[in-house]
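Undergrad: Questions regarding the structure given below will be posed in turn.
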Amino acid sequence: MNPQPEQINEHTISVLVDNEAGVLARVVGLFSGRGYNIESLTVAEVDPENALSRITILTSGTPMIIEQIKAQLGRLVPVHKVNDLTLEGPHVARELAMVKVVGSGEKRVESLRIADIFRARAVDSTNKSFVFEIVGDTGKVNAFIKLMEKLGLTEVSRTGVVAIARGTKGI
Amino acid sequence: MASKQLNGSQIVLKALVDQGVEDVFGYPGGAVLPLYDEIFKQNQLRHILVRQEGGAVHAAEGYARSTGKVGVVLVTSGPGATNAVTGLTDALMDSVPIVCLTGQVPTHLIGNDAFQEADTTGITRPCTKHNYLVKDINDLARVVHEAFHVARSGRPGPVVIDLPKDVLMGQGPYSPPTEAGHKSYRPQLKGDAAQIRRAVGLMASAKRPLFYCGGGVINSGPEASRLLKTLIKKTGYPCALTLMGLGAYPASDKQFLGMVGMHGTYEANMAMHDCDLMINIGARFDDRVTGRLAAFSPGSKKIHVDIDPSSINKNVSVDIPVIGDVAHVLKEMLAVWKTERAKPDTPALKAWWRQIGKWQKRDCLSYKTNSKVIKPQQAIQRLYEATKGHDDVFITTEVGQHQMWAAQFFKFDNPNHWLTSGGLGTMGYGLPAAMGVQVAHPKALVVDIAGEASTMMNIQEMSTIAQYRLPVKVFILNNHYMGMVRQWQDLLHGSRYSETYMDSLPDFVKLAEAFGAVGLRATRPNQLDNVIKEMLATDKAVIADIRVDKMENCFPMIPSGAAHNEMLFGNNGDDSLASEEGMVLV
Ligand SMILES: Cc1ncc(C[n+]2csc(CCOP(=O)(O)OP(=O)(O)O)c2C)c(N)n1
Ligand SMILES: [Mg+2]
């Protein structure tokens, strides 16, 4: 069937759910209870009129495990739709990070310069610190954080990935 | 709002009645007092007062599995709810439709560590199909109706509704059940037509086919079993059943090879191993069935019909999955078989049956009797023979060797008459389950084939059985051991019987009498038939203490981590010990 059944791949899965108490616990409990990975998970209401929330999960596993994850998600009662964005065609995935850098002198200037290259914005600043906001795919955010490590990085807060299919196609 | 206002407890009871509920198994407490007060005032629902909430859930399981209806449980908050957890998990594993109402502290106290507060929806989330906490009385009627819908449709399962006391006491509107489907939960009933055509194509060209059918056939309803029989008869193919599937195809039929799996028959397991087409109808490739996955039926193509998409390709990857309800899919399969004028490959089939005949000659269930001790297998065989004349015989079991012997030696020709804890393997299931069956079928013969250790796990329900004059028969194969565990100690741990002998067991005859039942005992083979006869002739509850061979082990057996063609035969063959890798498995 599959040429490399044991190959582990990363998948971005979008889950449309009723925005009701406990729904996130159901999804998270399913992953922990069955030993699946969660690399990142984001959730927010996207359709207030119908009280629907969208959960984006970055997970990894063999093709059989990924198929299981989707089937298990699909049978949760409050789940409306499960889409594997990784399999269903090109999609855009972004996350946002806030990165606090504390320092002075040359390092401080250098951090601003790099932020400029990465198109990160300073959303807060003091004499000794910046909070940068950076948006991009996970690789870009990782690269930015890596560079800041030497320049006084003290704290990071990130949203995790949100994703959507390219083009006219919806979920 | 024009509709009449009712209090929350009245809304719950009205919804139950509108859902066709007649019996509720429960146990009261502070948080559910308002509901019990309304139960007192009405006469449409019968409440069966159990002796422990765990018993209530198993009783409801017995009720549900013997009737096809949803079993209903009512328990209080905190310890009432936590006592129900084992039964809920059991029902989830074996796909039994249950609605369990739990009391809860009033909404304003939730999260305060209030008296008898437990996070019931949190605790039961992983052991239910779905659960609800009703915080607004305006949602109450809808939630109860929805819970029944979820419990019984698709792959059935347990649903909990947590009911804060203030909601039970508040005033609100009632709404009757609606036909409109659920907004997100819509299990697929009809199988994909193209897949079904491909499946039938494979079936017609198979040389060594095998039907491997499970509890999904039974959950689909009696019509599914009828259709299955028609299809199997039409093809002339052999059929093997899982533990949960027993009764889905008549055991007395020539095409039946017996149970598959760890304690299945040699012929069923060998046929599974050597078939070239496996037609899985409503079974889930459970580890008790497959043995070592890498060696599981290596040469076969596999068709898998299941209503639960998550069962497909979970343990075993299959060639043709068909997602749908068994009865729907079987009907289509039969129609396609007919329109395509499909015919089995007769010469190949003949050769296949010849091979199966050779395996059957191995006579894998044979055992030796003697005049001194009763063999457990013998006890079940004699019980089966003695019950043949009865119209309606239901068998429940506890968990252990006796359960496997019952599965091997009791023959079921109809669905819904065999009730056992398969997925969870819950000791203490059989006695309350038998009680639930008897509540639903007051005239039927209901026998719990039990082990003495398991019987002790829910023995308190004998008191419920007495209160409602339920003529349940508890047929204990008393070997003084937790026999199944002792058997594994024989196989894997040098026969060091660590904590598996039970000292100071009660005198079951006196115990029966203490509960107002009749106690019987057989210690020698020549007493067996008389005790069985007397048990069956008694119109009250009976505990029959059948003293059986203490050291008998259950064979054949595929030890954990072994393949189907590596069976052990015990007493009537030469056995090697189970493998090292097998030891870490359960
Ligand atoms: C609640 C529970 N606890 C423990 C076990 C593990 N277990 C499986 S079979 C068994 C022994 C059952 O003994 P008995 O009821 O006497 O049956 P026998 O095997 O002797 O026929 C035990 C302890 C279990 N299945 N369920
Ligand atoms: Mg025993």
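The values are calculated or read from the model by the stated rules, or taken from the named source; none is laboratory data. This one's a predicted model, so the numbers in the text were calculated from it and none came from an experiment. Cβ coordinates were reconstructed from backbone atoms using ideal geometry, including for glycine residues, and neighbour counts include every protein chain displayed. All accessible areas refer to the heavy atoms of the entire protein, side chains included, with ligands and DNA or RNA removed. Shrake-Rupley method; radii C 1.70, N 1.55, O 1.52, S 1.80 Å.
Undergrad: For the pair B and A, how large is the buried accessible area, both sides, in square angstrom to the nearest 100, if the probe is 1.4 Å?
TA: 1500 Å²
Undergrad: Just want to confirm a number: the relative contact order over chain B, from Cα pairs under 8 angstrom separated by 6+ residues, in percent.
TA: Value for chain B: 14 percent.
Undergrad: Once label points are set 7 Å from the Cα along Cα→Cβ at both B:LEU109 and A:GLU155, what is their separation, rounded to one decimal in nm?
TA: According to this spin-label approximation, the distance is 4.0 nm.
Undergrad: Ordering B:SER9, B:SER220, B:SER504, B:SER252 from largest to smallest accessible area (1.4 angstrom probe), what's the sequence?
TA: The ordering from most to least exposed comes out as B:SER504, B:SER252, B:SER220, B:SER9.
Undergrad: Shielding of B:313-320 by partners, i.e. mean partner chain Cβ atoms within 10 Å per residue?
TA: 3
Undergrad: For the range B:423-457 and the range B:149-200, write down the distance between their C-alpha centroids in whole Å.
TA: First find each Cα centre; the distance between them is then 28 Å.
Undergrad: With heavy atoms of protein chains only and a 1.4 Å probe, what residues of the range B:146-193 have at least 30 Å² less accessible area in the full set of chains than alone?
TA: SASA drop of 30 Å² or more in the range B:146-193: B:LYS183, B:SER184, B:TYR185.
Undergrad: Same structure again: In the range B:102-144, which residues become less accessible by 50 Å² or more once every protein chain is in place, relative to the chain on its own, using a 1.4 Å probe?
TA: B:ARG125, B:HIS130
Undergrad: With a probe of 1.4 Å, find how much accessible area chain B has per residue, and write the answer as a whole number in Å².
TA: Value returned for chain B: 39 Å² of accessible area per residue.
Undergrad: Share of chain B's accessible area from carbon and sulfur, percent, 1.4 Å?
TA: That fraction is 52 percent.
Undergrad: Please enumerate, by chain and number, the aspartates and glutamates with C-alpha under 18 Å from the C-alpha of B:LYS443, excluding those fewer than 8 residues away in the same chain.
TA: Here the aspartates and glutamates satisfying the reach criterion relative to B:LYS443 are B:GLU22, B:ASP23, B:ASP391, B:ASP392, B:GLU534, B:ASP539.
Undergrad: Now for a separate question. Tell me the label-point distance for the pair B:ARG46, A:VAL28, using the 7 Å Cα-to-Cβ offset, in nm and rounded to one decimal.
TA: Calculated label separation equals 4.6 nm.
Undergrad: Computed FRET efficiency, Cβ-Cβ of B:TYR497 and B:ASN530, R0 41 Å: what is it to the nearest 0.05?
TA: Computed FRET efficiency for B:TYR497 and B:ASN530 comes out at 0.80.
Undergrad: For Cα pairs less than 8 Å apart in space and 6+ apart in sequence, what is the mean separation divided by the residue count of the range B:275-362, i.e. the relative contact order in percent?
TA: Reported relative contact order: 23 percent.
Undergrad: Follow-up. Which pairs in the list A:LYS107/A:LYS150; A:LYS70/B:LYS314; A:LYS100/A:LYS128; B:LYS207/B:LYS233; B:LYS69/B:LYS229; A:LYS100/A:LYS150 are over 19 Å apart, alpha-carbon to alpha-carbon?
TA: Where the Cα-Cα span goes over 19 Å, the pairs concerned are B:LYS69/B:LYS229.
Undergrad: Measuring from centroid to centroid over Cα atoms, what is the spacing of the range B:211-263 and the range B:23-98 in Å?
TA: About 31 Å separates the Cα centre of the range B:211-263 from the one of the range B:23-98.
Undergrad: Something else now. Under a Cβ-Cβ cut-off of 14 Å, what is the net charge of the residues other than B:ALA56 that fall near it, where Lys and Arg count +1 and Asp and Glu count -1?
TA: That works out to -3.
Undergrad: Here's another thing I want to ask about it. Output the residues of the range A:61-89 meeting this criterion: accessible area (heavy atoms, 1.4 Å probe) in the chain alone minus accessible area with all protein chains in place is 20 Å² or greater.
TA: Those residues are A:MET64, A:GLU67, A:GLN68, A:ALA71, A:ARG75, A:VAL77, A:HIS80.
Undergrad: In nm, to one decimal, how far is the modelled label at B:THR369 from the one at B:GLN467, with both set 7 Å along Cα→Cβ?
TA: 4.1 nm
Undergrad: Next up: Express the accessible area of chain A per residue in Å², computed with a 1.4 Å probe while the remaining protein chains stay in the model.
TA: Dividing the accessible area of chain A by its residue count gives 54 Å².
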